[in-house]
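So the structure is just underneath, and the comments pick up after that.
All of the numbers you see were taken from the coordinates with simple rules; none came from a lab. Note that the coordinates shown come from a computational prediction; the quantities given were computed from them, not determined experimentally. Cβ placement follows ideal geometry from the backbone for every residue including glycine, while neighbour counts extend to all protein chains displayed.
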Amino acid sequence: MSLELADIAKTYHGKDGQVCALAGVDLKVSAGEFVAIEGKSGCGKSTLLLVAGGMLAPDQGSVQVAGQDPYALGSDARARFRAAHIGFVFQQFHLVPYLNVLENTLAPSLALDVPRATERAEELLERFGLTARRRHLPAELSTGERQRTALARALLTQPALLLADEPTGNLDPDSAQQVLAALAEFAQNGGSVLLVTHDAQAAAQAGRVVRLESGVLSSR
């Protein structure tokens, strides 16, 4: 089991009172499985992804990624664990603006020893049609090229789990399909994918779709 969430709850405390983002969520994603979580904006999808990725501790419940509870680790060890086992793809890309495409792809190797890092990065750039753009900065790329760079970066360490937060939200249909095909291929090769989206067409690319509404997860 690459990801197992049990009884996850998360509440935010603001000036207008409490907002329950997650209420007793249970979810399992096995190796080789592509799961999509569908739901409206503000329903808790991104919170669930951050909890699953070891970036936001839940108020209650347990998280297991590749058999390990990331929240049982100290902050440095947890960062190394994320780098080794989890890849992230976000709608806003989060590329480093002063690094070129190759350097952004290689960024995870700064926190983790990645065998053949440069060779693997070059292979990923070729796979995503970015070889000719390898020395370009993010500002010089199209939106689709930025997302493909972010995807290459997420795959550099050959993670067990890929977490994708609305990765097609800013893309044209062709670029969106390319990203979704890469997620499906990752699962077919034995990885686990958890995609959160409000786009029913993107969710339909997954092998299993569940719905999050008012912090509660249910089968669609």
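Counting helices only, and only those DSSP H runs with n ≥ 4, report the 222 nm mean residue ellipticity of the chain as the sum of -39,500 (n - 2.57) divided by its residues, in deg cm²/dmol to the nearest 500.
Taken over the chain, the calculation gives -9000 deg cm²/dmol.
Suppose a student asked you for the relative contact order of the stretch 3-219, using Cα pairs under 8 Å spaced at least 6 residues apart; what percent would you report?
32
By its C-alpha gyration tensor, with a ≥ b ≥ c as the square roots of the eigenvalues, how is the stretch 17-85 shaped: rounded for a/c under 1.5, else prolate for a/b larger than b/c, else oblate?
oblate
Considering every pair of different Cα atoms, what Kirkwood radius, in Å, is found for the stretch 63-109?
So the Kirkwood estimate lands at 12.3 Å.
How far, in degrees from 0 to 90, does helix 173-188 lean away from the longest principal axis of the Cα atoms of the chain, to the nearest 10?
The angle comes out at about 80 degrees.
Starting from the Cα gyration tensor of the chain, multiply each eigenvalue by 5, take the square root, and state the resulting semi-axes largest first in whole Å.
Its equivalent ellipsoid spans semi-axes of 28, 19, 17 Å.
Could you work out the local net charge near Pro108, counting Lys and Arg as +1, Asp and Glu as -1, over the other residues with Cβ closer than 14 Å to its Cβ?
+3
How long are the semi-axes of the equivalent ellipsoid of the stretch 15-146, defined as square roots of 5 times the Cα gyration tensor eigenvalues? Whole Å, largest first.
The answer is 31, 19, 15 Å, longest axis first.
Once you have the Cα-Cα distance between Tyr98 and His198, take 0.36 nm times their residue separation minus that, and quote the gain in nm to one decimal.
32.9 nm
May I ask for the distance between the Cα centers of the stretch 25-76 and the stretch 174-220, given as a whole number of Å?
Value for the Cα centre distance between the two parts: 15 Å.
Out of the DSSP beta bridges found with both residues in the chain, what percent are antiparallel (nearest 5)?
The antiparallel fraction comes to roughly 50 percent.
Could you check the spin-label model distance between Asp76 and His136? Points 7 Å from the Cα along Cα→Cβ, value in nm.
For Asp76 paired with His136, the spin-label model returns 3.9 nm.
Using only the alpha-carbon atoms, how far is helix 117-127 inclined from the longest principal axis of the chain? Give it as 0 to 90 degrees, nearest 10.
90
Which of rounded, prolate or oblate describes the stretch 115-179 when judged by the alpha-carbon gyration tensor and an a/c cut-off of 1.5?
Verdict is oblate for the stretch 115-179.
Please give the net charge around Asp26, taking every other residue with its beta carbon less than 9 angstrom from that of Asp26, where Lys and Arg add +1 and Asp and Glu add -1.
Summing Lys/Arg as +1 and Asp/Glu as -1 gives -1.
Going by alpha carbons, how many degrees (0 to 90, nearest 10) lie between the helix axis of 75-85 and the longest principal axis of the chain?
With both axes taken from Cα atoms, the answer is about 70 degrees.
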